[in-house]
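Here is the structure we will look at, set down as structure tokens.
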């Protein structure tokens with residue numbers, strides 16, 4: 001069980017004579033450790049989640065300075081502060097009480113005759129015992145989640161397992177905070193959308209949560225009301241592959257209070273997420289290399305009677321059949337560093353929606369070969385890709401070939417899709433759109449070829 005201000009005051013006998021005089025709305029703040037500081041500049045010696053103990057020796061007698069120290073300590077993320085009364089302060093100053101109430105920062109009055117060593121011994125001892133218990137509890141968690149990787153489970157199954165273990169909702173997102181999977185604990189269901197509203201995402205960005213998680217890759221606790229648009233407590237942990245951030249795991253305190261057990265689950269879950277992501281990335285890269293080799297073979301070897309059987313076999317590995325369409329996609333404006341992201345986005349959405357086709361990169365373009373145009377014609381496919389891109393604030397443009405009937409004409413129809421996109425961009429630069437020859441005024445039958453413009 002996580003130790004909060006409230007539970008510590010209720011359950012530890014040494015604190016029975018102490019009194020919370022301000023910040024009562026913050027009594028559910030989690031205590032990670034205690035620390036004694038008695039000098040004017042306290043900030044370098046405190047960390048988020050600590051319960052600070054002070055004799056008030058280093059606290060100024062000036063009202064504005066007293067308010068300011070409460071503001072700074074609250075912003076640092078301390079659980080609260082205990083101040084001894086009777087020597088340097090007869091009572092905790094009204095200015096500090098008023099500011100602590102305003103910020104929901106627990107301020108605790110302690111009689112001078114209570115030794116701080118006894119308080120720290122009681123609180124830190126309780127925390128250590130809970131951590132030992134948490135480690136013991138984490139062993140079966142580690143076994144269960146490791147088995148998930150062995151069974152070839154993915155991030156979706158991981159989010160579900162983590163959610164059921166902690167009794168709270170879980171979200172896994174990429175490094176740009178785009179949702180990969182959200183699992184709603186209360187409804188036992190996967191969500192297509194992120195738990196976070198636009199306002200909450202802005203709040204997360206404004207207080208630098210993702211930035212600080214990258215420079216200090218540890219599990220981070222975010223308490224409710226850290227920002228006016230953060231409405232529940234959370235745990236956040238970055239997922240690293242080698243030395244690069246792949247994404248983040250969130251445990252959201254939407255159903256019950258975050259506990260010490262959640263920290264243990266998050267620690268194991270982050271490790272397993274990195275293993276899953278590394279495995280999937282290796283598989284993805286192998287598939288990409290294979291598809292690129294096949295594609296380059298099609299592009300460099302002309303169709304002849306002598307190589308027809310080999311050519312047909314190569315084409316079929318890409319899913320080419322007698323009727324297909326070629327879809328070309330490019331991000332707008334084009335930035336080379338975004339190309340990999342656009343490819344991953346298109347490839348993921350094509351697979352997620354069971355669209356028959358193959359996705360690969362070709363220069364500055366993402367190419368989709370659609371192999372069942374009755375089920376998924378290019379216009380229908382590109383429309384849903386545009387909708388998904390708009391949700392993620394990605395701007396893309398697309399070119400579509402006519403329906404191709406012969407495998408040996410693949411290169412021609414690939415160039416046709418590229419040309420449609422290039423002509424469309426040249427004529428209509430202002431907004432994302434999809435272009436094909438008929439939309440551009442070239443009315444040709446599917447069997448008719450024309451000279452490139």
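Here is how the numbers come out for the structure above:
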{"quantity": "Qualifying residue in the stretch 39-51 (condition: closer than 26 Å to residue 221 by Cβ, surrounded by fewer than 20 Cβ atoms within 10 Å (Cβ to Cβ) and at pLDDT 85 or above)", "calculated": "yes"}
{"quantity": "Selection count where residues are outside any loop (DSSP other than H, G, I, E, B) and either exposed (fewer than 12 other Cβ atoms within 10 Å of the Cβ) or modelled with pLDDT of 80 or more (or both), scope the stretch 326-339", "calculated": "8"}
{"quantity": "Residues that are surrounded by fewer than 21 Cβ atoms within 10 Å (Cβ to Cβ), under 23 Å from residue 440 (Cβ atoms) and touching a helix residue (DSSP H, G or I) at 6+ places or on another chain (Cβ under 9 Å), drawn from the stretch 390-405", "calculated": "395, 403"}
{"quantity": "Any hit, the stretch 160-168, residues being surrounded by 13 or more Cβ atoms within 10 Å (Cβ to Cβ) and assigned to a loop (DSSP other than H, G, I, E, B)", "calculated": "yes"}
{"quantity": "Flag if residue 201 is farther than 24 Å from residue 162 by Cα, under 13 Å from the mean Cα position of the chain (by Cα) and part of a helix (DSSP H, G or I)", "calculated": "no"}
{"quantity": "Hits in the stretch 230-244 (condition: closer than 24 Å to residue 199 by Cβ and either within 9 Å of the chain's Cα centre (by Cα) or part of a strand (DSSP E or B) (or both))", "calculated": "234, 235, 236, 237, 238"}
{"quantity": "Leading residue by the ranking (farthest from the chain's Cα centre (by Cα)) among those in the stretch 84-98 that are more than 21 Å from residue 120 (Cβ to Cβ) and without any contact (Cβ under 8 Å) to a residue 60 or more places away in the chain", "calculated": "90"}
{"quantity": "Residue list for the stretch 299-310, filter: at pLDDT 70 or above and either in contact with a helix residue (DSSP H, G or I) (Cβ under 7 Å, 6 or more places away or on another chain) or under 18 Å from residue 368 (Cα atoms) (or both)", "calculated": "299"}
{"quantity": "Answer from 76, 17 - the residue that is in contact with a helix residue (DSSP H, G or I) (Cβ under 8 Å, 6 or more places away or on another chain), outside the structural domain of residue 167 (by TED's automatic domain parsing) and surrounded by fewer than 16 Cβ atoms within 10 Å (Cβ to Cβ)", "calculated": "76"}
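Yes/no matrix, rows are residues, columns are (1) under 20 Å from residue 99 (Cα atoms); (2) in a strand (DSSP E or B):
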residue	(1), (2)
8	no, no
14	no, no
21	yes, yes
28	yes, no
35	no, yes
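Here's the yes/no breakdown for (1) surrounded by 19 or more Cβ atoms within 10 Å (Cβ to Cβ); (2) in contact with a helix residue (DSSP H, G or I) (Cβ under 7 Å, 6 or more places away or on another chain); (3) part of a loop (DSSP other than H, G, I, E, B); (4) in the same structural domain as residue 252 (by TED's automatic domain parsing):
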residue: 176; (1), (2), (3), (4): no, no, yes, yes
residue: 183; (1), (2), (3), (4): yes, yes, no, yes
residue: 205; (1), (2), (3), (4): no, no, no, yes
residue: 213; (1), (2), (3), (4): no, no, no, yes
residue: 218; (1), (2), (3), (4): no, no, yes, yes
residue: 227; (1), (2), (3), (4): no, yes, yes, yes
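The values are calculated or read from the model by the stated rules, or taken from the named source; none is laboratory data. Nothing here was measured: the structure is a model prediction, and the numbers come from that model. So basically every Cβ, Gly included, is an ideal-geometry build from the backbone, and we count neighbours across all protein chains shown.
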